[in-house]
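A short write-up of the structure that comes next.
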Amino acid sequence: MSAAAAVITLLAAVPIAAQAPATAKRRAAAAPWSPPKTPWGEPDLQGSWPTASLVGTPFERPAQFGERRLLTDEEIATREKQYADDAERVKKTTEVGADVDEGTGPPAHWGEGSLRKAARMTSLIVDPPNGQFPAFTTWGQLRAVNNGTTGPNVALEHSSWRNSFSTGPWNGPEDLGPYDRCVSRGLLASMFPSGYSNGNEIVQSPGFVAIRNEMIHETRLIPLDGRAHLSPAIRGYMGDSRGRWDGNTLVVETTNFNGKFGARRNGSDIPMSDALRVIERFTRTEPDTLLYEITVDDPKTWTKSWTVAYPLKQDFEYGFYEYACHEGNYYAMTNILSGARAGERAAAGKR
């Protein structure tokens, strides 16, 4: 008897009731997972999807990895040890208290480093293949090295944009970026991992999707009815978003940006232009996993588009708190500007 005939004979001898569970398991394993649907029939993306676990993942890929997108087991173990050592250091700092010099930033225990996970990704950027930003245009390079301005001889729509890490001069509030003034981080940075307040929430209703970001209390209300974008005369930090369904994927196109925020570091680094166009894709791939992809196209700033992609894990235990940073950030603004004037007076007294 052949091996195939023996298998058939064996199955024939097994009662049908015993065969059924095994057959059902095989069919379940072969069938692709399908996301749950809302009562009105759309893929259900609702819930809490924080980025806190990705805080330690490099934005751009370190050069030694080349085009390799994933870490080895050994590299993962090294990263996990680094995270554990950092968490222990923060714990000791917290126990010691205020006598430890933390520099000009907030105490380390304010951050969410303890929530980091050693992701396999070598970088958040997945395209270009080397995980690095593409080359700047001449205009983009000039603006990046001059804190968002291109000098008096170059026509620029938004010459008041300043990098939050600029060294001044602090002549007025416009010399600080919108993040330092508690205005906005812009769309990109609102979705990227940060040091703290990494909450993201998705809520759906018939015809709309709302995306809420914890830091600087942003909420985008995205229509799905095919309506046109707003007039190009109407622009903002979060732009104008329009959504549609591509199978089980929510695709969101956003235009009408004001060119007054940057690509990363809470919108305070790498200033972008008002030609920015963003395509986001949200795909629920598992019961607790949402794949987030964002493609950034700004022909004034870069010679080609670039893409970031990472998985988000459902986490209803993540604390979503009020981000009580009021617009204008009165105390910081007052101290920065008064400090600059005091420095000028001190310098004048020495002359």
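Please label the shape of the stretch 297-351 as rounded, prolate or oblate, based on the square roots a ≥ b ≥ c of the eigenvalues of the alpha-carbon gyration tensor (a/c under 1.5 means rounded; beyond that, a/b larger than b/c means prolate, else oblate).
Values: a/c = 4.29, a/b = 1.62, b/c = 2.64.
Taking the square roots of the gyration eigenvalues as a ≥ b ≥ c, the stretch 297-351 is oblate.
Would you list 272, 121 from the most to the least accessible area, probe 1.4 Å?
Largest accessible area first, the list is 121, 272.
At a Cα cut-off below 20 Å, give the lysines reachable from residue 300, other chains included and same-chain residues fewer than 8 away excluded.
260
Give me the percent of the accessible area of the stretch 285-330 that comes from carbon and sulfur atoms, probe 1.4 Å, all protein chains in place.
53
Tell me the Rg and the Dmax, in Å, that the Cα atoms of the stretch 182-269 produce.
In Å, with Rg to one decimal and Dmax whole: 13.3, 37.
Skip the ligands, DNA and RNA, and give the accessible area per residue of the stretch 170-227 with a 1.4 Å probe, whole Å².
With the other protein chains kept in place, the stretch 170-227 gives 34 Å² per residue.
Can you give me the accessible area per residue for the stretch 281-351, using a 1.4 Å probe, in Å²?
Details: 4240 Å² over 71 residues.
Averaged over the residues of the stretch 281-351, the accessible area is 60 Å².
Need the C-alpha centroid separation for the stretch 48-69 versus the stretch 182-261, integer Å.
22
The values are calculated or read from the model by the stated rules, or taken from the named source; none is laboratory data. All values reported here derive from a predicted model rather than from experimental measurement. These area figures cover heavy atoms from the full protein model, side chains too; ligands, DNA and RNA do not enter into them. Shrake-Rupley method; radii C 1.70, N 1.55, O 1.52, S 1.80 Å.
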